Every structure is written in structure tokens, then in C-alpha cells.
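Structure, as C-alpha cells:
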Amino acid sequence: MPEIEPNGSQAPEQIPNWAWGILASPGGGPLRREGRILWSTDRAIGRIDHGILHFDMPREDPSTEYYRKIGGAHFHGRSAVPYAMTALDTPVYHDYLKKFAPTDQDLLIVDVGGGDGRNALPWLRWGFERVVVVDSTAAALSRFRARVAAENREWLKRIVLIECDQRTLPLADEVADRVMAIESLYYLNEDYEAGLEQCHRVMQPRARLLLADRSYEGALLTRLLYYGGVAAMLETARSRKMWDGEGDTRVRTRCFSRRELHALVVAQGFEIVETGGISAFSLLLSFLAKSGGLGRESDAQLAVVHELLISLGQSGCCSRCHVVIAEKQSRRLT
């Protein structure tokens with residue numbers, strides 16, 4: 001299946017050889033390749049283009065359309081702004097990932113909703129050989145691929161980039177050893193459980209999941225500060241629906257109390273082994289930075305702020321997002 005150069009080596013812009021052992025049709029069915037076209041048993045379901053596997057996406061999905069309209073997540077660009085929320089949260093997530101990482105660097109790592117690679121790039125830098133990044137927006141994956149090629153072109157042999165629906169992952173059953181879904185599944189709203197079930201399906205027994213999703217109180221605080229003030233906060237309190245953005249560009253997401261999220265994780269056949277969070281202080285600091293409330297001297301203290309946020313992620317009580325590390329135990333509860 002893989003394309004080979006005349007000298008017998010694999011073209012670096014193509015899909016790595018190892019990928020064909022873990023790929024499947026969306027949801028786990030048979031997959032075959034004919035040239036650049038991807039087929040299930042009886043129909044074409046996707047294509048390969050510029051080193052990315054593109055699987056057919058559901059039409060008129062609000063979250064997908066929202067992110068396609070804005071070109072996907074732009075974590076890399078925002079991480080260069082000192083007190084942007086992305087810049088504040090990224091060191092916290094990477095600290096979780098260091099503790100989450102296995103010792104065997106050949107184990108399969110899957111990043112569900114990985115966007116432009118904020119949480120996938122560290123695995124390449126740490127020496128992991130097989131990293132899969134799944135996202136609903138090809139533009140974000142393309143930006144990540146370009147950054148990887150610019151930093152170390154050999155790393156292209158160690159990543160697989162997939163545009164697909166998170167509710168039907170195009171991976172075989174029980175292939176992944178570490179799966180992370182960081183602030184991605186809550187965009188599925190009522191289909192959140194379907195996304196979580198897919199994570200469970202592709203994981204090997206005893207494999208581990210790192211899950212991060214928006215807290216209920218974090219949603220209230222976000223709407224209060226950014227998206228409509230007190231009236232918007234109270235709307236979310238009544239409806240339990242979180243809206244990012246304003247006007248016609250808004251997108252709805254789900255939020256959870258700690259108890260609600262933990263119950264969903266356990267119901268899917270996971271055992272929770274560690275809990276934490278992303279401190280609400282990253283949200284407050286970002287808001288103050290945008291409104292000019294931090295002062296010029298704050299940039300010089302950014303490294304210490306990162307250390308504080310890492311500490312609060314483990315021990316703080318006020319979280320913007322819940323973080324759960326869970327181990328696959330069984331099939332989902334019925």
C-alpha cells in the first residue's frame with residue numbers, strides 16, 4: 001500500500017508504512033487503498049492528499065463547520081502571546097503529558113482533536129516513534145505538518161495525520177497505548193459519549209486515556225468575562241449550554257461538573273487513576289492581559305506564573321477544565 005521511491009525508500013511526504021497496521025474504516029471496519037483513494041468494503045470513503053488522510057465528514061455539523069470556517073485551532077500562534085490562555089495552559093498540559101508518557105517509545109500515541117499539534121509535538125521531541133493526530137479540520141493538520149517538516153523532516157515518518165469525525169475514528173480496535181482528548185470531545189455535545197466510546201474502542205487493555213473537558217464553573221466564568229456578561233452567565237446556568245464566540249460565529253459546547261464527568265468515564269469501562277485540572281486563573285490572567293490590567297512587568301514573571309499554574313492544576317480547587325487520567329478496564333457498562 002505505501003508509495004515507494006525508485007531507490008526503495010518511502011517518500012517522506014507519504015503515509016508511513018507502520019500506519020497501515022493500525023488504520024481502519026471509520027468506526028473500525030475494513031479499509032483498503034487504491035492509489036490515493038481510501039475504500040471501505042464497497043465504497044470510497046476518503047483520500048490521501050499532501051500527507052494527510054482525509055475521511056468523509058458529516059455535513060452540517062455545527063462544531064465542524066465553525067472550526068473549518070476559522071481554519072481549525074490556532075494554538076501555535078496564540079502560544080506566542082505571553083498571557084494568552086493557550087500560552088498559559090500549554091505548559092500545564094505538557095507537565096501532565098510527561099507523567100502520562102510510557103517508557104516504551106514504540107507504543108502508539110493517539111491525539112484525538114489534536115488540531116495544529118500543540119500536544120503532539122512534545123511526543124516527537126521526546127523520541128516516540130508512532131504518533132497519530134486526529135482532527136476535524138485539515139487546515140490545522142496541514143499547519144502542524146509544515147512545522148514538523150521545518151523542525152525535523154525525519155519526524156514525518158513518525159506521525160500520521162487524519163481528518164475525520166471523532167465519533168467514528170478510522171483506527172482498528174485495541175491498537176493505542178496512550179490516547180489523549182484534550183479539550184476536544186466537549187464539542188460533540190450530545191454525542192460526547194460516542195467520542196469517549198471510540199477512545200475506549202481503539203485502546204488496548206490497560207492502556208491509558210488523558211481527558212480534559214470544560215468544567216461547569218469554568219463555562220460560567222468564561223461567559224461572564226468574554227461572552228455576554230451576567231445575562232450570558234445566567235443563561236448557561238439555566239441551560240447548561242456553553243457558547244463560545246458571538247453572533248453568527250458562536251459554537252455550542254458541553255460542560256460538566258466533576259462528578260458528571262467522572263461518572264461518564266467510569267460508565268465507558270475506564271478506571272480513574274488520577275484527577276486534576278486546568279486552573280481558572282489562566283482564564284482570569286488572559287482576561288486581564290487583554291484588558292490591560294496586568295502591567296508591563298508581568299511578562300518578566302511569566303515563567304513563575306507557569307510554575308504556579310502547574311501547581312494549581314494538581315492541587316487547586318477552581319478549575320477551568322477537569323483533567324482525568326483513566327485506564328481501560330472493560331467494555332462499557334450497560
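To keep it simple, each residue is scored yes or no on (1) at pLDDT 95 or above; (2) surrounded by 20 or more Cβ atoms within 10 Å (Cβ to Cβ); (3) out of contact with any Phe, Trp or Tyr (no Cβ under 6 Å at 6 or more places or on another chain).
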{"residue": "229", "(1), (2), (3)": "no, no, yes"}
{"residue": "234", "(1), (2), (3)": "yes, no, yes"}
{"residue": "242", "(1), (2), (3)": "no, yes, yes"}
{"residue": "249", "(1), (2), (3)": "no, no, yes"}
{"residue": "259", "(1), (2), (3)": "yes, no, yes"}
{"residue": "262", "(1), (2), (3)": "yes, no, yes"}
{"residue": "294", "(1), (2), (3)": "no, no, yes"}
{"residue": "300", "(1), (2), (3)": "no, no, yes"}
{"residue": "307", "(1), (2), (3)": "yes, no, yes"}
Selected residue (only one of 97, 53, 124, 107 is surrounded by 22 or more Cβ atoms within 10 Å (Cβ to Cβ) and either more than 30 Å from residue 34 (Cβ to Cβ) or under 18 Å from the mean Cα position of the chain (by Cα) (or both)): 53
Residue list for region 299-319, filter: part of a helix (DSSP H, G or I) and either touching a helix residue (DSSP H, G or I) at 6+ places or on another chain (Cβ under 7 Å) or over 17 Å from residue 96 (Cβ atoms) (or both): 299, 300, 301, 302, 303, 304, 305, 306, 309, 310, 312, 313
Subset of region 284-297 (residues that are in a helix (DSSP H, G or I) and under 23 Å from residue 321 (Cβ atoms)): 284, 285, 286, 287, 288, 289, 290
Flag if residue 221 is within 28 Å of residue 194 (Cα to Cα), aliphatic (A, V, I, L, M), in contact with a Lys or Arg (Cβ under 8 Å, 6 or more places away or on another chain) and touching a residue at least 60 places away in the same chain (Cβ under 8 Å): yes
Yes/no for residue 217 being touching a helix residue (DSSP H, G or I) at 6+ places or on another chain (Cβ under 9 Å), within 15 Å of residue 253 (Cα to Cα), of a type in the set (Asp, Glu) and modelled with pLDDT of 95 or more: no
Any hit, region 265-273, residues being touching a residue at least 12 places away in the same chain (Cβ under 8 Å), in a loop (DSSP other than H, G, I, E, B) and closer than 23 Å to residue 82 by Cα: no
Selected residue (only one of 146, 150, 139 is surrounded by fewer than 21 Cβ atoms within 10 Å (Cβ to Cβ), in contact (Cβ under 8 Å) with a residue 24 or more places away in the chain, in a helix (DSSP H, G or I) and of a type in the set (Gly, Ala, Ser)): 139
Condition met for residue 122 (in contact (Cβ under 8 Å) with a residue 40 or more places away in the chain and more than 24 Å from residue 167 (Cβ to Cβ)): no
Residues located in region 9-49, provided they are in contact with a Phe, Trp or Tyr (Cβ under 9 Å, 6 or more places away or on another chain), outside any loop (DSSP other than H, G, I, E, B), at pLDDT 95 or above and not hydrophobic (A, V, I, L, M, F, W, C): 46, 47
Hey, residue 211 farther than 14 Å from residue 166 by Cβ and at pLDDT 95 or above or not: no
Residue satisfying all of: in region 175-214; part of a strand (DSSP E or B) and of a type in the set (Val, Ile, Thr); surrounded by the fewest Cβ atoms within 10 Å (Cβ to Cβ) among these: 182
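The values are calculated or read from the model by the stated rules, or taken from the named source; none is laboratory data. What you see is a predicted model; the values in this text were computed from it and never measured. FYI the Cβ positions are ideal-geometry reconstructions off the backbone, even for glycines, and counts take in every protein chain you see.
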